[in-house]
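This report concerns only the one structure given below.
Read the figures in this text as sums done on the coordinates, not as results from a lab. A quick note: this is a predicted structure, and the numbers were derived from the prediction, not measured. No Cβ is skipped: glycine too gets one built from the backbone with ideal geometry, and neighbour counts run over all protein chains shown.
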Amino acid sequence: MQLQLLPTSHTFFTRFSLSPFIHRNPNMTSGSNSLMWFRKGLRIHDNPALEYAAKNSNHVYPVFVIDPHYMKPDPNSFSPGSNLAGLNRIRFLLESLVDLDSGLKKLGSRLLVLHGEPSDVVIRCLKEWDIKRLCFEYDTEPYYQALDTKVKNYALENGIEVFSPVTHTLFNPVEVIEKNGGKPPLSYQSFLKLAGEPHWSISSPPSTIPPIGDLGNCEVSEVPTVEQLGYQDFQEEDPDPPLFKGGESEALRRLQESTNNKEWVAKFEKPKGDPSAFIRPSTTMLSPYLKFGCLSTRYFYQRVKEVQQEVKNHTSPPVSLIGQLLWRDFFYTVGFGTPNFDRMRGNTICKQIPWNDDDELLAAWRDARTGFPWIDAIMVQLRKWGWIHHLARHSVACFLTRGDLFVHWEKGRDVFERLLIDSDWAINNGNWLWLSCSSFFYQYNRIYSPISFGKKYDPTGAYIRHFLPVLKDMPKEYIYEPWKAPLSVQTKAKCIIGKDYPKPVICHDDAIKECKRRLAAAYELNKKTNGVVSDEDMKKLRRKLVEDQGQGNDSRRLKQKLI
């Protein structure tokens, strides 16, 4: 099997042949030592890599490496957590590892937790434990591609068998891309035609796992607590009860609970749903479990298919539950096949747009200080819960980018990446490209209003009152636009706008017009240059926009007293 590495400006874009990466050593004897490297795929059920590691081995070493790249506390970040992950996601991951360890113990094994740069740690373990078979789930993210290349190269050079099946998605992205002539499909419908029906069978969980052998000089620990990772100094801000508990056991329980309501599963229709429903959210709430692989996407797909066979009248892709899993695969495929998918520059499928570089506006959005209660309530929920409804994500992403603030989508993507428990590299980047009208979707005149959109679902503002208690006594007539309330009403509600709650950071009606003007000019430039926009082209466009802005009535930011 040939391995080809295509360099990009950021990392290595790795492309394998049609099948999962499997290198078998014909000289490997039965009864050798195997290492099962967990990253995602934190489960026992439908785990072909684990099943293969357990076959014909004397000893199996189940390993997870605590990676400082994601887990090291960062006291300078805007919320508790590491530089790349908020505390909600870190806690969920640790809970998932505890549950995985419990599942392994029932099979006669346990999880070996090590700390350090993952590729260095795994290579050291391969040496120390005389490993002859390395098994792990294939990962399409650029960060893991680079790690995996380093580890696989070492393994191949030292006669170690490598088994890395594609099981985090329904389809192998490489197969879909190769069917399309080496390029990823850029529309959902073209992806469906290329992908067809999935061809796999659910892997049977092992009834037992061979014991762990001698650990040698490798420093192995139990799953650490958040305090042991160094987060004991962080104080939670008025936390709501955690919405999610990590782990395969909880994932399977939630899946069972969802699929028990067969009528709901069959009639599920996105984008319908209530983004303001916080007591009982109107989705499966399984996305964090899919992100970490606590729940097999393939098993989820199979269970939904079984329900659809029982309930004849059911919704279909793209709006059905099956459709949502296929959307997930679509973004995984495009993300894997597009160099620099996670940025604007150097990304051939991304419109080049002169976004604002305004850290003040970004911080107001991130910290729920925009003065628009619907937007701010969503951002509070995101920080507290680590999750928000998909339509709520649409609202705040549109507001930050093409709707009102015209701040770069990469900045918003970074905030979501850090705060969402279900943050997923391909899906997060894909959705920000979509919602900023940078790729996939180009109807930039269609805006999520920060006022009327939420009011459609929650006219009394119960959602806002819950997450922004400073507004809890504001009359419903003003709950979405409190700056319009007379001072006497503000005084009675114990919320003076500009003192107790911010004034709006922009005038929405003016901002919409200005955003559309800028996007129209950017689209015209992209069309003129056939998408190849140089730095000089971008500078000229910025200058022109500023000149035109000076001649017209531009939206003016209302100076906000930060509180």
Q: Determine Rg/Rh for the stretch 401-483; Rg is computed over alpha-carbon atoms and Rh is the Kirkwood hydrodynamic estimate from the same atoms.
A: 1.05
(Q) So for the stretch 123-181, considering every pair of alpha-carbon atoms, how many percent are separated by more than 13 Å? (A) 66 percent
Q | Evaluated over the stretch 484-545, the Cα radius of gyration and Dmax, each in Å | A | 20.0, 57
Q: Would you mind telling me the antiparallel percentage of the DSSP bridges in the chain, rounded to 5?
A: 35 percent
Q: With only alpha-carbon atoms counted, please give the Rg and Dmax of the stretch 30-85, in Å.
A: 16.3, 52
Q.
Tell me which chymotrypsin sites (Phe, Trp or Tyr not before Pro) from the stretch 363-443 have a DSSP coil assignment and no more than 15 other beta carbons within 10 Å of their own.
A. PHE441, TYR442
Q) Among LYS183/LYS270; LYS513/LYS544; LYS484/LYS513; LYS127/LYS152; LYS476/LYS503; LYS72/LYS384, which pairs are too far apart, with a Cα-Cα distance over 23 Å? A) LYS183/LYS270
Q. With the radius of gyration and the Kirkwood radius both derived from the Cα set of the stretch 412-558, what is their ratio Rg to Rh?
A. 1.05
(Q) Using just the Cα positions, wrap the stretch 131-254 in a convex hull and report its mean projected area in square nanometres, one decimal place. (A) 13.7 nm²
Q | Inter-centroid distance (Cα atoms) of the stretch 257-307 relative to the stretch 418-493, Å | A | 24 Å
Q: Calculate, in whole percent, how much of the Cα-Cα pair population of the stretch 68-203 lies beyond 25 Å.
A: 47 percent
Q: Could you tell me what fraction of 2.2 N^0.38 Å the Cα radius of gyration of the stretch 299-355 comes to, as a two-decimal ratio?
A: 1.64
Q: Could you work out the local net charge near SER207, counting Lys and Arg as +1, Asp and Glu as -1, over the other residues with Cβ closer than 13 Å to its Cβ?
A: +1
**Q.** Rh by Kirkwood over Cα pairs, then Stokes-Einstein D for the stretch 247-345 at 0.890 mPa s and 25 °C, µm²/s
**A.** 167 µm²/s
Q | Separation between Cα centres of the stretch 215-229 and the stretch 38-115, rounded to whole Å | A | 11 Å
Q) Any idea what the dipole of the stretch 62-145 comes to, in debye rounded to 20, about its Cα centre with Lys/Arg Cβ at +1 and Asp/Glu Cβ at -1? A) 300 debye
Q: Return the Cα extents of the stretch 335-378 along principal axes one, two and three, sorted largest first, each rounded to a whole Å.
A: 38, 21, 13
Q | Stokes-Einstein D in µm²/s, Kirkwood radius over Cα pairs - the stretch 95-139 at 20 °C with 1.002 mPa s viscosity | A | 176 µm²/s
Q.
If I model the stretch 188-309 as equal point scatterers sitting on the Cα atoms and use the Debye formula, what is log10 I(q)/I(0) at q = 0.13 Å⁻¹?
A. -0.84
Q. How big is D for the stretch 163-206, in µm² s⁻¹ as a whole number, if Stokes-Einstein is applied with the Kirkwood radius of its Cα pairs at 10 °C and 1.306 mPa s?
A. 135 µm²/s
(Q) Given the C-alpha atoms of the stretch 298-403, compute the convex hull and give its volume per residue in Å³. (A) 155 Å³
